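Worksheet: one structure, shown below.
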Amino acid sequence: MSSAVTEAKAAIRVLLYRSGISTAVARLRGRSRIFMLHGIGGSDFEPAAFERAVAYLKRHFRVVPLARVIHELAEPARDGAPAVALTFDDGLENHVSVAYPVLARLGVPATFFVCPGLIDAGQWLWPHEVRARLSTLESAERQELATRCGADMPSGAEAMVGALKRMACAERAAAIDAIREATPGFARSPEQARAYDLATWSQLASLDPALVTIGSHSWSHDIMVGMDPPRLHREVACSKARIEAMLGRPIDYFCYPNGDFDAAAVAAVRGEHRAAVSTREGVLDGTGSLFELPRLSMQTTLPTVAMQMARA
């Protein structure tokens, strides 16, 4: 897409937002949505931009808990205003330190999906760790490492992460171990810590349960495709049990790591939870499975958030 076309589309979004048209269209259509967010703070989603987006949603729509959005799929609300649920993947520390104060100040509910095995181990999600470790290597070193990890493995950091996601579980684990062995002196920077550190159990316990629902994002954030039954049990049932034991809250909702799942993963989740969210783009229209709920990745400007709400 040319820069001229991109700029024209952006200008149209701004015009529709400032005129109130996109907001009016969203309210008329009445479709509910689940928004997906990841890191808050830094350049990905600056705190001020996040607060503006949440305030806009609260002003014009009904921002409700995930449980309420799911309930209304069977029993729609009578007031007609579209419902919005906010969900945060990965259980990051900045969800507690940056996003939660905004949610509390505005009185807006949300769901935080966490990985108890990583919290216990004090580890990052593996894609975050891999990106950070690869950033310390020179191009030739990455190429050598890529060759060790697989004949078709690309050497670029993002391409390598993508290739790892497509590997079988055992192959991916071996490749990640090789990356760790190749970067023995790795030390996280303060900026990386702010972006990738996970919330601790004590931080999660401090969150108001009337405002924040906790859900499971699996035990280890490994991709749940082709897993054997014992591994699926750990990722689903053991994850739920560990969070409940540590926080004393019922854990009813699940989020698939990377949005990937197969029939076995869905069956395992269905046996332990009331519903599950995916990364499939879409709005809630009352069709489809409660264990493959679509979401929208929240954009960082008000005109684009308004357009996300207006689109069918």
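Laboratory data are not the source of any read-out in this text; all were calculated from the coordinates shown. Predicted model only: the values in this text are computed from it and were never measured. Don't worry about glycine lacking a Cβ; one is built from the backbone with ideal geometry, like all the others, and counts go over all protein chains shown.
About its Cα centre, segment 232-302 has a charge dipole of approximately 240 debye under the convention of +1 per Lys or Arg Cβ and -1 per Asp or Glu Cβ, with nothing else charged. When only the Cβ of Lys, Arg, Asp and Glu is charged (+1, +1, -1, -1), the dipole of segment 126-187 relative to its Cα centre reaches about 200 debye. Take every Cα pair under 8 Å whose residues are at least 6 apart in sequence, average their separation, divide by the length of the chain, and the relative contact order is 25 percent. Near Ser32, the amide H atoms lying under 5 Å from its own belong to Ala83, Leu284; only residues 5 or more places off or on other chains count, and H is placed 1.01 Å from N. Under a Gaussian network description of the chain, with springs only between Cα atoms under 10 Å, the residue in Gly248, Gly282, Gly41 that fluctuates furthest is Gly248.
Suppose we take every Cα in segment 1-132 and form the convex hull; what volume per residue is that in Å³? Mind showing how you got there, number by number?
On the way: hull volume 21.1 nm³, N = 132.
Cα convex hull per residue, to the nearest whole number: 160 Å³.
What's the local net charge at Pro303, with K and R +1, D and E -1, over the other residues with C-beta under 9 Å away?
On the way: positive: Arg13, Arg18; negative: none.
For residues surrounding Pro303, the net value is +2.
When only the Cβ of Lys, Arg, Asp and Glu is charged (+1, +1, -1, -1), the dipole of the chain relative to its Cα centre reaches about 1260 debye. Put simply, the amide H of Ala276, placed in the peptide plane, has neighbours under 5 Å in Phe254, Phe291, Glu292, Leu293, leaving out anything fewer than 5 places away on its chain.
Which translational diffusion coefficient, to the nearest whole µm²/s, is obtained for segment 126-187 from the Stokes-Einstein equation, given a Kirkwood hydrodynamic radius over C-alpha pairs, 37 °C and 0.692 mPa s? Walk me through the numbers before you get to the answer.
On the way: Rh = 11.3 Å.
Translational D for this selection: 292 µm²/s.
In deg cm²/dmol and to the nearest 500, what is the mean residue ellipticity at 222 nm of the chain if only DSSP H runs of at least 4 residues count, each as -39500 (n - 2.57), divided by the residue total?
Details: 16 runs with 147 residues, N = 312.
Roughly -13500 deg cm²/dmol at 222 nm, from the helical runs in the chain.
Tally Lys and Arg at +1 and Asp and Glu at -1 over the other residues with C-beta under 13 Å from the C-beta of Pro127: what net charge comes out? Before the final figure, lay out the partial values.
Numbers: positive: Arg131, Arg133, Lys165, Arg166, Arg172; negative: Asp89, Asp90, Glu129, Glu158, Asp222, Asp260.
Result for the local shell: -1.
Looking at the chain, the DSSP beta bridges with both ends there are about 10 percent antiparallel.
Using only alpha carbons, segment 1-44 has a radius of gyration to Kirkwood radius ratio (Rg to Rh) of 1.09. Per residue, the average separation of C-alpha pairs within less than 8 Å and at least 6 apart gives segment 234-309 a relative contact order of 23 percent.
Extending 7 Å from the Cα toward the beta-carbon at both Ile21 and Arg231 defines two label points whose distance is 5.1 nm.
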